[in-house]
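I have placed the structure first, in the form of structure tokens, so that the comments after it can refer back to it.
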Amino acid sequence: MNTPDHCQQKLVWDVPTRLFHWLNAACVLALMAIGLVILNAGALDVSNDGKVALKTLHVWIGYVFALNLMMRIVWAFVGGHYARWRQILPGGAGYLSALRDYLAAFAAGRSEPWLGHNPAGRLAIGVLLILLTMQAVTGLVLAGTDLFYPPLGAWIAQSIAAPGVDPSTLVPYATALYDAEAYARMRELREPVVNLHVWGFYLLLAMSLLHMIAVVVTEIREGGNLVSAMITGRKTLRGQPRDAESDATDREPG
Ligand code: HEM
């Protein structure tokens, strides 16, 4: 592909990073949409069967989401240069001065190209990863308390089954099969987990919107074809990036 002389193209995002990104985006979108309906099930007059169906679909997508997130966490230890923790999280030597420089350049209307995430982007990625992990962990707990699904479902069913009831026969909303006291205790323990899951949803919604706005604004100001780079893996940069590596073996001819 031809690029103007003052531009350079470089492979930045490896295949696993790109696959994670788009699968994660699709799962988060679907989980938010279904979660919103579950959240408003009362107002929408959804039946118990409807709620179980929505939660079951939400949990199956949630498993894909959690597995994808786990693979990304592993990839941050073993993956390519720009996929690693040092490049995606805030912190490390010189981070604060790089963030100050980046924000000063941004405020002055100057562009400061970065190959990987810029320092402000790393801050956002850190917050996003914490929120995604919180949703995965709380969601996996709720899958057990609400549907008796793995990883905790069998253990929860065992702890709330009424005397003489086979725990493996428990189904959601069949309170006659539950030991009333044990069920009430489980619901009490579950409450802070639901609250975290719902707060995580609102915060993730806000952060996802901020992330999309920041990508569009940065692409307009600094170039770097950020959106298509997450598809092709290649960024086109105007000027020398702050985080350029010494070797440029995969640089394409200008
Ligand atoms: C981006 C990730 C996620 C988002 C934004 C999200 C969002 C939501 C929302 C808004 C609700 C409704 C809460 C309520 O009505 O109390 C909900 C419920 C639920 N979520 Fe998620 N969720 C996510 C991931 C997961 C995962 C990974 C799982 C499990 C594998 C999961 C399992 C559940 C379950 C079982 C419920 C029903 C809880 C209830 O009845 O209140 N979620 N989710």
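The values are calculated or read from the model by the stated rules, or taken from the named source; none is laboratory data. Owing to the predicted nature of the structure, the values given are computational and were not obtained by experimental measurement. Positions of Cβ are backbone-derived with ideal geometry, glycine not excepted, and every protein chain shown enters the neighbour counts. With ligands, DNA and RNA removed, areas are computed over all heavy atoms of the protein, side chains included. Shrake-Rupley method; radii C 1.70, N 1.55, O 1.52, S 1.80 Å.
Angle of helix 48-78 to the longest C-alpha principal axis of the chain, folded into 0 to 90 degrees and rounded to 10: 40°.
Between ILE156, ILE73, ILE213, the Gaussian network model of the chain with springs among Cα atoms under 10 angstrom shows the greatest mean-square fluctuation at ILE213.
For segment 135-227, the equivalent ellipsoid derived from the Cα gyration tensor has semi-axes of 43, 12, 8 Å, listed largest first.
Over the chain, dividing the summed -39,500 (n - 2.57) contributions of all DSSP H runs of at least 4 residues by the number of residues returns a 222 nm mean residue ellipticity of -21500 deg cm²/dmol.
Between ASP243 and TRP60, what's the calculated FRET efficiency when r is the beta-carbon distance and R0 is 45 Å? Round to 0.05. Plugging the Cβ-Cβ distance into 1/(1 + (r/R0)^6) gives 0.70. Result for the chain in a Gaussian network model with C-alpha springs under 10 Å: among PRO119, PRO163, PRO150, the largest mean-square fluctuation is at PRO163. Working note: Cα gyration tensor of segment 15-209, eigenvalues times five, square-rooted, sorted largest first, giving semi-axes of 41, 17, 15 Å. For the chain, modelled as a Gaussian network with Cα springs under 10 Å, which listed residue fluctuates most, LEU210, LEU142, LEU115? Of LEU210, LEU142, LEU115, the Gaussian network model singles out LEU210 as fluctuating most.
Ordered from highest to lowest accessible area with the whole protein assembly present and a 1.4 Å probe, MET134, MET186, MET70 read as MET70, MET134, MET186.
The lysines within cross-link reach of LYS235, meaning a Cα-to-Cα straight distance under 24 Å and a gap of 8 or more places when in the same chain, are LYS10.
Loop-located chymotrypsin sites (Phe, Trp or Tyr not before Pro) across segment 153-222 with a Cβ neighbour count of 15 or fewer within 10 Å are TYR173, with loop assigned by DSSP. Mark the label point 7 Å from the Cα of CYS7 along Cα→Cβ and return the residues of segment 88-114 whose backbone N is within less than 19 Å of it. So the set is 111-114.
Each of PRO150, LEU36, GLY94 was placed along the dipole of segment 15-209 (beta-carbon charges, centred on the mean Cα), and the one lying farthest toward the positive end is GLY94.
Along its three principal directions, the equivalent ellipsoid of segment 82-190 from the Cα gyration tensor extends over semi-axes of 51, 12, 10 Å, largest first.
Along the chain, the exposed loop sites are trypsin sites (Lys or Arg not before Pro) outside DSSP states H, G, I, E and B with at most 14 other Cβ atoms within 10 Å, and the longest stretch free of them is 111-250.
Taking the longest Cα principal axis of the chain as reference, the axis of helix 119-147 is set at about 20 degrees.
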